[in-house]
Amino acid sequence: MTRFSKTLLVVAVTAFLSLACTASADRTIAEQQQDYQDLVDRIMTSLYQTYPSARGAVAGAYGYAAFGTTSTKIAIFGTGHGRGIAVENATGNKYYMDMFEADIGLGFGIQECSLIFVFDNWDAFGSFVNNGWDFGGQANATVSDSVSGGSLYSGAISVAPHVWIYQLAGKGFDISATLKGSKFTLNKTLNQPAAGTGD
């Protein structure tokens, strides 16, 4: 990321946190957690309807994470935010997370998208949950062709070693543009202690 891009991301995150704090001020933690869960339930139902083989991919993985995101673009400035849950399959542990995005490039409008990450092993899952994930400028370099045909990961895209992602969005949606400048972090208010050791 350039210095200007990083500054824009900080501004976007600050604005989102301010709005989020205002919106959740009168809601209990349990109510907010349920909002995240309801969103993820809808996303996973849609995923399995769109890509039936994804059910097996998710069930056989170390863990997964599902996010609903909204991006807004006015002229050359764009920001986005999202929320979701990462789930460790073996334990059922849930980690409530948020996503922030800053983008520079000509465009107008608001676009919604669902992103579902599937992690093959603990290293990939634990890094995502405990360290956060800032895709930054690497998105264009790491996003490869989606898998088609009868593959277990049919419809998914490889974004990093042992990490696959499904996108549910309208036609023409550019996933690399969304991932570039996106940061995924734990929601400290809603979370359990940090993820386990992977044992």
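Values in this text are rule-based calculations from the coordinates and carry no lab data. Everything numeric here is computed off the predicted structure, so don't read it as measured data. Because the Cβ atoms are built from the backbone with ideal geometry, glycine has one as well, and the counts that use them run over all protein chains shown.
Results, tabulated for the structure shown:
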item	result
Footprinting exposure proxy for LEU168, LEU152 (fewest neighbouring C-beta atoms within 10 Å first)	LEU152, LEU168
Per-residue Cβ neighbour rank within 10 angstrom, fewest leading, GLU101, GLU112, GLU31, GLU88	GLU31, GLU112, GLU88, GLU101
